[in-house]
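K.L.:
Below is a structure I'd like to ask you about.
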Amino acid sequence: MELDAFLWIGEKILIVILGNVLIGCFACSRHVKCTVPQTPIQCASGTLVLPLRAIHALSVLDHLHNVMKMMNPHELAKLSMCSYRLELHVKTFKRKIERLRIHFSPNGYILELFDAMIDNSTYKIEYDTSLFLFQSFPLSWFFEVSNLLLSLYTSPHIEWVFYMDQLEIKTVRQFLDTILTGRCEMLTFYGIEISCEFLTELMDKIPLDKTLKIEAHIPSDFRHPNALKFSGSIYKNGRWITVDDLKSVRNVQYLHLDSNIFNCIDINRFLHYWMNCDENMFENMELQLDDSVAIDVDVLKNDLITLQVVDQTVETCFYLKVKNHHNRRLVLCRLQICKNKKAEFTVQEADDQQANKFEILELLEKKKNLEEKNKDSEISEEDRRKITMEIEELMCLIIKKNKNRYIFDF
């Protein structure tokens, strides 16, 4: 087998024989007797020289797998086409990747690989880890190509992307049915506008354990009972969603609205509902407020018990807790409104890292309840003095525990 056919990207540990034989030919295993002469070889970088018997003593397959870990999608696909045995090795190896995104378009084929997670819903893409096939081929081949490429990887998250302006509705319907019978964690639809009729069809058909992303205008009169029930929902246009719609959210991972009609009064109303709700509603929610919305912290926190974080880089950031934490797992909510008017809600458990915040909020809640009780005209003066002393003790304890200097109302 000629050396030129296997010149492996020099800087990536690619072993090259100074001759016409590649050690083991990538297809041999440790059970095949090596007949290659004992002559020195070196890495492509020329910095390492090892005797052939030392190389042979190592597992050829281990070397192959280490090299495959560093190959980009184009190289991995080409390697799988070199021989049937190499294809089997690549499929058996199953390159691990955090997330795969497949673009469905008649103008070409794109497979994106995301290697690392930035936060709960955002992944980092490396631009040299995308497979582009710009050759036009019939849409009927799309799944054949996808199945071949997906067999080379293992991933917990596969996203399918449709470009509605480039596809006929009947084609989308046909392939959507096929996709939903296989691996699919997320469906994304790009377009200028999607009709209420087709949106209704999508939300009737897509299982609620999927993530749905609509990057298109949605008519203001659109309504559907499943719109906010998916495991994840991302809408470029959320101006058709009301505060009452937000109150219906239950047990979802995240909800993102890139545009909406909400203001600080609406957010305060929603926070009151979240605080009194007996069920888990969401883990993460983002609302991109209009530029015209004035951020009024007093309105946001009206009649709420909060701990405000001192952070000059954002408009505001504060924590609040649920009233009845015995029925809920996620009991602490952080609301952060960035300078660009994006409101980020993150709901968490009261674990060791959040215990101090939760404890202070509980003490503030007790203090408020005592103050309400102390306003009762039927309480005796002696009881009133006891309550006042208890309030003072609580305040001392709160100040003592507030080592991070959170801002709260006395």
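K.L.:
Please report Rg over Rh for the range 356-410, where both radii come from the alpha carbon positions and Rh follows the Kirkwood definition.
P.N.:
Over the Cα atoms of the range 356-410, Rg/Rh equals 1.04.
K.L.:
In the neighborhood of Phe358, defined by Cβ-to-Cβ distances under 10 Å, what is the net charge if each Lys or Arg adds +1 and each Asp or Glu adds -1? The partial results should precede the final answer.
P.N.:
Working: positive: Lys321, Lys357; negative: Glu349, Asp351, Glu359, Glu362.
Residues close to Phe358 contribute a combined charge of -2.
K.L.:
Counting only other residues whose beta carbon sits under 11 Å from that of Met164, what net charge do I get with K and R as +1, D and E as -1?
P.N.:
Charge balance in the 11 Å sphere: -4.
K.L.:
In terms of the ratio Rg/(2.2 N^0.38 Å) built on C-alpha atoms, what value belongs to the range 305-393?
P.N.:
That works out to 1.38 for the range 305-393.
K.L.:
Okay, moving on. Based on the alpha-carbon gyration tensor of the range 258-410 and its eigenvalue square roots a ≥ b ≥ c, which shape applies: rounded if a/c is under 1.5, prolate if not and a/b is larger than b/c, or oblate?
P.N.:
prolate
K.L.:
Along Cα→Cβ, 7 Å out, is where each label goes; now give me the distance between the ones at Val310 and Gln166 in nm to one decimal.
P.N.:
My value for the distance between the label points is 5.2 nm.
K.L.:
For Lys96, go through the lysines and keep the ones whose alpha-carbon is under 19 Å away, minus same-chain ones fewer than eight residues off.
P.N.:
Reachable lysines: Lys12, Lys69, Lys78, Lys124.
K.L.:
Order the peptides 236-242, 305-311 from the highest to the lowest mean number of other Cβ atoms within 10 Å of their residues.
P.N.:
The densest-packed peptide leads the list: 236-242, 305-311.
K.L.:
Which FRET efficiency value, to the nearest 0.05, do you get for Arg85 and Ile110 by plugging their Cβ-Cβ distance into 1/(1 + (r/R0)^6) with R0 = 30 Å?
P.N.:
Working: r = 29 Å, r/R0 = 0.96.
Efficiency, rounded to the nearest 0.05: 0.55.
K.L.:
His272 to Glu193: extension gain in nm, 0.36 nm per residue of separation minus the Cα-Cα distance? Can you show the working numbers first?
P.N.:
Values: separation 79, 0.36 × 79 = 28.44 nm, distance 3.41 nm.
Stretched fully, the His272-Glu193 segment lengthens by 25.0 nm.
K.L.:
For a Förster distance of 35 Å, can you work out the FRET efficiency between the beta-carbons of Asn147 and His326, rounded to the nearest 0.05?
P.N.:
For R0 = 35 Å, the calculated efficiency reads 0.15.
K.L.:
Determine the principal axes of the Cα atoms in the range 169-303, then give the extent along each, sorted from largest to smallest and rounded to whole angstroms.
P.N.:
Ordered largest first, the range 169-303 gives principal extents of 52, 32, 20 Å.
K.L.:
Can you check what the Kirkwood hydrodynamic radius comes to for the range 128-240, Cα pairs only, in Å to one decimal?
P.N.:
Details: mean 1/r = 0.0654 Å⁻¹.
Across the range 128-240, the inverse of the average 1/r is 15.3 Å.
K.L.:
Given a Förster radius of 51 Å and the C-beta distance between His217 and Lys368 as r, what FRET efficiency does 1/(1 + (r/R0)^6) yield to the nearest 0.05?
P.N.:
In this case the efficiency is close to 0.70.
K.L.:
Right, something else. Within the set of other residues whose C-beta is less than 15 Å from the C-beta of Phe104, count the net charge using Lys and Arg as +1 and Asp and Glu as -1.
P.N.:
Summing Lys and Arg as +1 and Asp and Glu as -1 gives -2.
K.L.:
For the pairs Lys321/Lys366; Lys236/Lys321; Lys357/Lys400; Lys94/Lys210; Lys210/Lys341, flag any whose C-alpha to C-alpha distance is greater than 18 Å.
P.N.:
Lys236/Lys321; Lys94/Lys210; Lys210/Lys341
K.L.:
Right, something else. Sticking with the crude label model, points 7 Å out along Cα→Cβ, report the distance from Ala355 to Val297 in nm, one decimal please.
P.N.:
About 2.9 nm, to one decimal.
Every number in this text was worked out from the coordinates using simple rules, so none of it is lab data. Remember, it's a predicted structure, so these values are computed and weren't measured experimentally. Cβ atoms come from the backbone with ideal geometry, glycine included; neighbour counts cover every protein chain shown.
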